[in-house]
Each structure stands twice: as C-alpha cells, then as structure tokens.
Amino acid sequence: MSLLIRNVTLDGTVRELRISDGRIAAIESDAPHERAMHGIDRVIDGTGLHVFPSLKNAHTHVAMVLFRGYGDDMPLMDWLRTRIWPAERHLSEEDVYHGARLGILEMIRGGTTFFNEMYWHRPGIVRAVEEMGVRAVVGQTVIDIGDPGTTARQQQELLRLLETSRTEAGGRVTLAAAPHSIYTVTPELLAWVGALARKHDLLVHIHLSETQGEVDECLRAHGCRPTRLLERAGLIGPNLIAVHGQFLDEDELALLGAAGATLVTNPTANLKLATGGIFPYRAARAAGVRVCLGTDGAASNNNLDMLEEMKVAALVQKHRERDATVLPAAEALALATTSASAAFGLGSGTVEVGAPADLMLVDFRTPATQPLHDPVSALVYAAQAAQVHTTICAGRVLMHERRIEVCDEDAVIAAAVGSVRRLLHQATAATM
Ligand SMILES: [Zn+2]
C-alpha cells in the first residue's frame, strides 16, 4: 500500500509526503510528475492541512470508557467501592473488547494512534487494536493483594505471552508486565516481575506515588518511599514506565533520572480525583527523567483526548510553578510525540523520512483556530478533536475527512453501550 499526501503543510512549508510499506518514504517540495505517480495506490489532498506526528497516550485503561460518567464527583475510595469495582466484577472479555473499540475510536478521532494500556482481559484489547489499526503496548496485569486466587494464573499467562505475543496485530502490539501498584502487589511478586523484565527486556508499567496515602503507607510498612521499594524489587531501569508520580521527592527523581526511567503524568485525572498533588515536572526534567503524557481511564478523565491533555498539562505546570514560561506548547507536544516515541521504542515521534507513517492532518480553518499565528500553539491550546481531519497509522488511513474507515462507528458505539447496560444490570442485581 502506498499513499501520497499532496500539498500538506509541514513546519510552515508545503510538502508532498510519500508513504510506502507503512513508512514515510519521501518528503518532497515539488509535486511529483506523472511518471513518479506510478505505483501510488491512494492520493490525499492535504491543501490547507497541517501534518503532525500522531499523538501517543502513555497511560490509559482503554475499556474504562464503558464507565465514562458513571459516578462523577465522588471521593476516590467511595467511587471505587460503590461503582467501579462492583461493575468490573461482571466484566467479560467481550465487554472489554467492545469498550476498547469505543476508546480507540475516540482516540483516532483525536489524532492518537498509540496507547500504553493496563487492564483486565488483555486478549479483548489486543483484538480491538488489531481491528482498529492502531498501536499499543498492552500490559498483562498482575495483582496479588486483594486478589490472591488469580495470581498464579496471571503469572502463567505472562510467561505464556512471552512466547506468543511477538507477532500480535502484525507487530503493532507489544507486551508489557503491568504490576498494578505497590499497594496491590507484594514485594515478592514485584521482584518476580523485575527478574522477568530484566531477563526478557520487557517494559514494566506501574502506578507510582499517586497519593500521599500511598507514600505514608509504604513508609510505615516497608520503611522506605515507593521508588526505593521498586529499587529493592529490581524494577528501576530504562524499561520502567511509572505512572502519576505526584509525590516523588528529590531522591526518588534522581534515582529514576539516573536509570533512564519514564514517568507519565495524567493531569486531568489527578485534578478530577482531587489527589492533592501536582506532578513535579520541572524537577523531574532537571533530574533527567523522561516524561510522557496520558489520559488515564475515561472513568476518571472523562475522555481520551490527548489534545486536551496537552493543554491541561501545560496549564497545571504553569500554575504550580507560578511561571507562564514552564512547559511551553512545543514541549507539551513533545511529551505526546517524541518523548513517548523514545519511551516505547516507536520511532514515530517526528515527521521524517524512514519513520513509521503515524500521522495526523489537522484543519485549522475553523473559528476556534483562526487566526493562525503558530500551528503548534494552535494545536496545544486551541484545537480540539474536531479539528483532526485525517489520522494515519503504519501507513494506513484510519480516518479521512473525519470519516472513520476502520469500522462502522455506529455499530461500535451501540455494542459498547449494550455491554455497559448489561454489566450495570448485573451489578445492581447482585447487590439486591
Ligand atoms: Zn491508571
């Protein structure tokens, strides 16, 4: 499959992008003459559109779109105990598949073609990624506190996946180990994951220091802060993707930075759940930590819109530091593109020859994005998903002129709504 995008604006200059075998084959300044058009399967007219690398969502629980708006404005533990956990108890792989398709659909509409995932029923998510044409790191979740009966099965599944997951979704899915957090996984199981990850060069995806309570409990139970506990388990290294990191001190940031680890900030979910901290972005960067950006699940966001997340991240950091120069627009975009590309080995953080063709075309000719002084500023601070015109992943057009090409959108929405109705019916019946 080869694709030609004509007359598209890249960094202020009108270009022709030639894509073949899933990669950007050429970026040219002149329209190709007729002979050079030979072998092109599809031409997209990019006149008036701006091309950017597609966005990468570095932390989510994609199928939780099923619980979007189900219990807003509640304290975290109340919300989990009375809403989320009872409903999740009845989740099937089919529900997760339908939820994942809906979440991926939403991300494609917002120019996002990659997500780093942690949830249950992994095969349902992999199937959705495969069908919808995006990329994902899909973690195998492991938990042993509060769910000891399933630990051995989770471990066996992870070991099995090490053998079988290499070719999932034509190589668009990568396996990670996903120990949920230090408060749901014992140090013994964390150490087991650490040894496995080192042996097999696996990414490790974990929630870390989301609340002050987590830090206090770690100090009480283990006599150290959470990052030091991960160090004891052998988990600190370049393959660590630690999520939230709102209550990290200087020593922890130095440890993560020296190891080449990645922190993912999820400002919208943190604000909504009122966890009380603000991610120490400036200190993390000063310590040499790679920082990425994620939406977290839609149950606590309530969307998977990375355009919005870039804006919120920039605003929150400016507010925290009382300095409007902190986390400028280009840096916010880098968190969602180049930084994520490096953390997850995607190679698609920039629009350049040889890179995987993971792209979005954005139409700024709308009331919300005119006049256009600076396309990056417009993208981060003014644009919404509605301005994303075309989304491409691995050279395949997933959406063009805002029309989804990879699925029947209405059917995907109806299936997800059907799933959640059944789930909530079961959850309510079980409590009566
Ligand atoms: Zn999360």
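Residue check: R23 meets all listed conditions (1) out of contact with any Lys or Arg (no Cβ under 9 Å at 6 or more places or on another chain); (2) on the phi > 0 side of the Ramachandran plot but one, namely (2).
Note on the range 226-253: residues that are in a loop (DSSP other than H, G, I, E, B), closer than 24 Å to A176 by Cα and away from the ligand (no atom under 16 Å from the Cβ) amount to 8.
Please work out which residue is farthest from the ligand (Cβ to nearest atom), limiting yourself to the range 254-283 and to residues that are part of a loop (DSSP other than H, G, I, E, B) and of a type in the set (S, T, N, Q).
Going through the range 254-283, the residues part of a loop (DSSP other than H, G, I, E, B) turn out to be 260-261, 266, 273-280.
Narrowing the set further to residues that are of a type in the set (S, T, N, Q) leaves 266, 275.
Values: N266: 7, T275: 12 Å.
In this case the residue turns out to be T275.
Take the conditions out of contact with any His (no Cβ under 6 Å at 6 or more places or on another chain), within 16 Å of the ligand (Cβ to nearest atom) and modelled with pLDDT under 95 and apply them to A299. Does it pass? Here the answer is yes, as A299 does meet what is asked. Filtering the range 90-121 to residues that are more than 12 Å from the chain's Cα centre (by Cα), closer than 20 Å to L158 by Cα and not in a loop (DSSP other than H, G, I, E, B) leaves E93, V96, Y97. Here is the figure for the range 168-196: residues that are assigned to a strand (DSSP E or B) and open to solvent by 20 Å² or more (accessible area, probe 1.4 Å) total 1.
Please tell me if G213 is out of contact with any strand residue (DSSP E or B) (no Cβ under 9 Å at 6 or more places or on another chain), part of a loop (DSSP other than H, G, I, E, B) and open to solvent by 20 Å² or more (accessible area, probe 1.4 Å). Give the derivation first.
Values: out of contact with any strand residue (DSSP E or B) (no Cβ under 9 Å at 6 or more places or on another chain): yes; part of a loop (DSSP other than H, G, I, E, B): no; open to solvent by 20 Å² or more (accessible area, probe 1.4 Å): yes.
No: the conditions fail for G213.
In the range 254-267, the residues that are farther than 11 Å from R285 by Cα reach residues that are part of a helix (DSSP H, G or I) and open to solvent by 10 Å² or more (accessible area, probe 1.4 Å) with C-beta atoms within less than 6 angstrom, at least six apart or across chains, in these pairs: P267/V312; P267/V316. Only one entry of T60, T9 meets the criterion of being touching a helix residue (DSSP H, G or I) at 6+ places or on another chain (Cβ under 9 Å) and open to solvent by less than 10 Å² (accessible area, probe 1.4 Å), and that entry is T60. The set of residues from the range 328-385 being in a helix (DSSP H, G or I), β-branched (V, I, T) and out of contact with any Lys or Arg (no Cβ under 7 Å at 6 or more places or on another chain) comprises T338, T369, V376. In the condition set (1) of a type outside the set (F, W, Y); (2) open to solvent by less than 10 Å² (accessible area, probe 1.4 Å); (3) within 16 Å of the ligand (Cβ to nearest atom); (4) at pLDDT below 95, S165 is compliant with all but (3).
Looking for something at pLDDT 95 or above, closer than 18 Å to I206 by Cα, open to solvent by 10 Å² or more (accessible area, probe 1.4 Å) and not in a loop (DSSP other than H, G, I, E, B) - is there at least one such residue anywhere in the range 284-291? Scanning the range 284-291 turns up at least one residue that is at pLDDT 95 or above, closer than 18 Å to I206 by Cα, open to solvent by 10 Å² or more (accessible area, probe 1.4 Å) and not in a loop (DSSP other than H, G, I, E, B).
Of the residues that make up the range 369-377, is at least one touching a Pro at 6+ places or on another chain (Cβ under 9 Å), in contact (Cβ under 8 Å) with a residue 60 or more places away in the chain and buried (at least 18 other Cβ atoms within 10 Å of the Cβ)? So far as the range 369-377 goes, no, none of its residues is touching a Pro at 6+ places or on another chain (Cβ under 9 Å), in contact (Cβ under 8 Å) with a residue 60 or more places away in the chain and buried (at least 18 other Cβ atoms within 10 Å of the Cβ). A Cβ distance below 9 Å, combined with a sequence gap of six or more or placement on separate chains, defines the contacts here; from the range 127-139, residues that are closer than 14 Å to A63 by Cβ reach residues that are at pLDDT below 95 and open to solvent by 10 Å² or more (accessible area, probe 1.4 Å) in the pairs V129/E168; V138/E168.
Considering only the range 234-270, state which residues are out of contact with any strand residue (DSSP E or B) (no Cβ under 7 Å at 6 or more places or on another chain), surrounded by 22 or more Cβ atoms within 10 Å (Cβ to Cβ) and under 18 Å from A191 (Cβ atoms). Result: I236, single match.
For the range 267-276, the set of residues classified as out of contact with any helix residue (DSSP H, G or I) (no Cβ under 6 Å at 6 or more places or on another chain) and under 13 Å from Q317 (Cβ atoms) consists of N270, L271, listed by residue number. Taken together, the residues in the range 345-364 that are open to solvent by 20 Å² or more (accessible area, probe 1.4 Å) and more than 17 Å from I5 (Cβ to Cβ) amount to 3.
Being under 23 Å from R135 (Cβ atoms), among the acidic types (D, E) and either within 16 Å of the ligand (Cβ to nearest atom) or open to solvent by 60 Å² or more (accessible area, probe 1.4 Å) (or both): is that true of D201 here? Please lay out each step first, then the result.
Working: under 23 Å from R135 (Cβ atoms): yes; among the acidic types (D, E): yes; either within 16 Å of the ligand (Cβ to nearest atom) or open to solvent by 60 Å² or more (accessible area, probe 1.4 Å) (or both): yes.
Yes, satisfied.
The values are calculated or read from the model by the stated rules, or taken from the named source; none is laboratory data. All figures in this text were calculated on a predicted structure; none of them were measured in a lab. Because the Cβ atoms are built from the backbone with ideal geometry, glycine has one as well, and the counts that use them run over all protein chains shown. The protein model used for the area step is the full one, side chains on, heavy atoms only, and it has no ligands, DNA or RNA in it. Shrake-Rupley method; radii C 1.70, N 1.55, O 1.52, S 1.80 Å.
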